[in-house]
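Student: Sharing a structure, written as structure tokens. Questions coming.
The values are calculated or read from the model by the stated rules, or taken from the named source; none is laboratory data. Remember, it's a predicted structure, so these values are computed and weren't measured experimentally. Every residue, glycine among them, receives a Cβ derived from its backbone with ideal geometry; neighbour counts consider all protein chains shown. Ligands, DNA and RNA are excluded from the accessible area calculation, which covers all protein heavy atoms including side chains. Shrake-Rupley method; radii C 1.70, N 1.55, O 1.52, S 1.80 Å.
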Amino acid sequence: MIRTIVWSPDAACPTIRILDQTRLPREEVYLDLDTIPDLCEAILALRIRGAPAIGIAGAYGVALAARLAAREVPERDAPGAGGGGAPDLLARIETDASRLRAVRPTAVNLAWAIDRVLARLRASRAPGGSAARPAPAGDLASLALAEARAIHDEDLAMSRAMGAHGAALLPHGAGILTHCNTGGLATGGLGTALAVVFTAHDQGKAPRVFADETRPLLQGARLTMWELARAGIPATLIVDGAAAWAMKRQRIDAVLVGADRIAANGDAANKIGTYGLAIAAARHGVPFYVVAPSSTFDPALPSGDAIPIEERPATEVLAGWSAGASDADAAPSSAGAWNPAFDVTPAELITGWVSEQGVRRRGDFA
Ligand code: MRU
């Protein structure tokens, strides 16, 4: 299991410790983040990335905001001071939470996790106090951390369950095509689509993986290949444009991908290129599975048309990714580019949705 994100509980100055994914696969460098702007930067720059992982980061971010707020105004909530500072504290925490929520719009896990921690804080009351009396600042910080830890623990449990449900779908020696990175790095430590691969491997099913490199930021090449090599799972890297041809010429038994948001009708947003993979899979009769925890399902959105799609700077496409530094020109300096980070695969192209609760089929959606 990968230590993607860890809460470092130094009482004086707690930090969120993350494995900086922009430095992989060259070096394993951990960053200690102790301010909300630093955490926002880390999420935006994809130092921590993947829908469940940024949800966990957002939850710990609210815990960090609560801790920082409690440190700055402790005297207003000291015993006997009337506890009048807590509404202000909550407002401050909510302001930080709004900044975090806005950093990446497509993955619903980020907003979901932040809102879950905030809901716990709003519901808090001083022990024995009236419903109108808020909890002291230190209690708010402890509550936020407890909720963030619960989200992190649940994510790991959901990964294990998804792994088991998904592995049951695969034959022995399955050829699996995957996109982006959906492993421990993208989650609380195990994965979504890659959790299925890890589980099948542990069960002796000898899966073989074809990994799309995933332009422009190479999450497949840099991160998925790194994770599979660590696990000793045979993996072949292909350029994104080779995926349809791989379905034609290699033995591919299933496409397994993650998701950043799944609408009520089953439409699934995931890393740009996923939609094309689903079209190619349908053409070649290859089952196409989306593997995602229930925290990625957004029943409030009727269809994928309503999913906000993050657009990232054109420079990511134009500069390319060279050995961890995006300074190699991939196009003439006069070129422009469009850089949507995600696309939406319509439910009609998806064979099954694997969550911790089991496998849903098309007919299970409204
Ligand atoms: O831009 P990224 O690297 O955060 O995109 C990640 C993906 O698209 C993953 O497939 C998705 O978050 C699901 S993985 C657990």
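Student: Would you please name the residue that is modelled with the lowest pLDDT, looking only at residues in the stretch 75-86 that are open to solvent by less than 70 Å² (accessible area, probe 1.4 Å) and assigned to a helix (DSSP H, G or I)?
Tutor: Taking the stretch 75-86 as the starting set, the residues that turn out to be open to solvent by less than 70 Å² (accessible area, probe 1.4 Å) are 77-78, 81-86.
Narrowing further to those that are assigned to a helix (DSSP H, G or I): 77, 86.
On the way: Asp77: 50, Ala86: 62.
That would be Asp77.
Student: Given the options Arg149, Arg160, name the one that is within 16 Å of the ligand (Cβ to nearest atom), assigned to a helix (DSSP H, G or I) and open to solvent by 40 Å² or more (accessible area, probe 1.4 Å). Please lay out each step first, then the result.
Tutor: Numbers: Arg149 fails: within 16 Å of the ligand (Cβ to nearest atom).
Matching residue, one of Arg149, Arg160: Arg160.
Student: Quick check on Trp226: is it more than 16 Å from the ligand (Cβ to nearest atom) and among the aromatic types (Phe, Trp, Tyr)?
Tutor: Against the criterion (more than 16 Å from the ligand (Cβ to nearest atom) and among the aromatic types (Phe, Trp, Tyr)), Trp226 does not qualify.
Student: Within the stretch 95-118, can you find the residues that are open to solvent by less than 10 Å² (accessible area, probe 1.4 Å) and assigned to a helix (DSSP H, G or I)?
Tutor: Result: Ala97, Leu100, Asn109, Leu110, Ala113, Ile114, Val117, Leu118.
Student: For the stretch 272-290, state whether one or more residues are within 20 Å of the chain's Cα centre (by Cα) and among the small types (Gly, Ala, Ser).
Tutor: yes
Student: With respect to the numbered conditions (1) more than 16 Å from the ligand (Cβ to nearest atom); (2) closer than 17 Å to Glu356 by Cα; (3) out of contact with any Asp or Glu (no Cβ under 9 Å at 6 or more places or on another chain), which one is the sole condition not fulfilled by Ala195?
Tutor: (1)
Student: Still on this model: Filter the stretch 244-280 for residues that are outside any strand (DSSP E or B), within 15 Å of the ligand (Cβ to nearest atom) and of a type in the set (S, T, N, Q) and give the result.
Tutor: Thr274, the sole residue that qualifies.
Student: Of the residues that make up the stretch 311-327, is at least one farther than 19 Å from Phe210 by Cα, of a type outside the set (Phe, Trp, Tyr), open to solvent by 60 Å² or more (accessible area, probe 1.4 Å) and not in a loop (DSSP other than H, G, I, E, B)?
Tutor: yes
Student: Next up: Regarding Gly241, is this residue more than 19 Å from Gly166 (Cβ to Cβ), open to solvent by 40 Å² or more (accessible area, probe 1.4 Å) and either more than 11 Å from the ligand (Cβ to nearest atom) or touching a residue at least 12 places away in the same chain (Cβ under 8 Å) (or both)?
Tutor: When the stated conditions are applied, Gly241 passes them.
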